[in-house]
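All remarks here apply to the structure that follows.
The values are calculated or read from the model by the stated rules, or taken from the named source; none is laboratory data. The structure displayed is predicted, hence computed values, not measured ones. For the accessible areas, the whole protein counts, side chains as well, though only heavy atoms, and no ligand, DNA or RNA atoms are used. Shrake-Rupley method; radii C 1.70, N 1.55, O 1.52, S 1.80 Å.
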Amino acid sequence: QEEQQQQQKEEQQQGGPADWERGLQAVMVLPALCLHYFVQLWSKDKLPYVLKDQGLREDEVKKICASANPVAEFVRMKSVWAELAGSDHVQTALQQAYDAVADKLSAAK
C-alpha cells in the first residue's frame, strides 16, 4: 500500500492524473457511448421506440448533434451535469472517452 501511495504521489508531482481524474475518466465511458451511438440515433429519429428522457429533450439532442463540437455542447447541459456543466475536467474526460469509443466502434466494423 505504501508503494502504491508513493507511486500516486510521484504521478501527481510529474503531472500525472490524480485519483479523482482517473475515476472521472473511468465513468465517462458510459456517457461517451450514449453520446456517440444512442444520441446520434435519437437525433435522426432512428430509435425503434418513442423516448421520453428526463435529462434530455429531443430539441436538445438535435442541437448537440448539429454542433461542431457535440461533446462540448453535451457537457454544457445543466439538466445532465448539474453543477459540473461546462467543467473543463468533465469535457476533457468525456472527449477522451468519446474518442476511445469512436475508435473501438470503427475498429469493430
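Structure notes:
- Just so you know, the Rg over Rh for the chain is 1.07, from Cα atoms, with Rh as the Kirkwood radius.
- Rounded percent of accessible protein surface that carbon and sulfur make up, the range 54-108, 1.4 Å probe: 52 percent
- Exposure of ASP103 as accessible area (Å², to 10), given a probe of 1.4 Å and all protein chains: 100 Å²
- Lysines whose Cα lies under 29 Å from that of LYS63, excluding same-chain neighbours fewer than 8 positions away: LYS44, LYS46, LYS52, LYS78, LYS104, LYS109
- Length released on extending from GLU83 to GLN5, taking residue separation times 0.36 nm less the Cα-Cα span: 25.1 nm
- For the chain, the solvent-accessible area works out to 70 Å² per residue, with a probe of 1.4 Å and every protein chain left in place.
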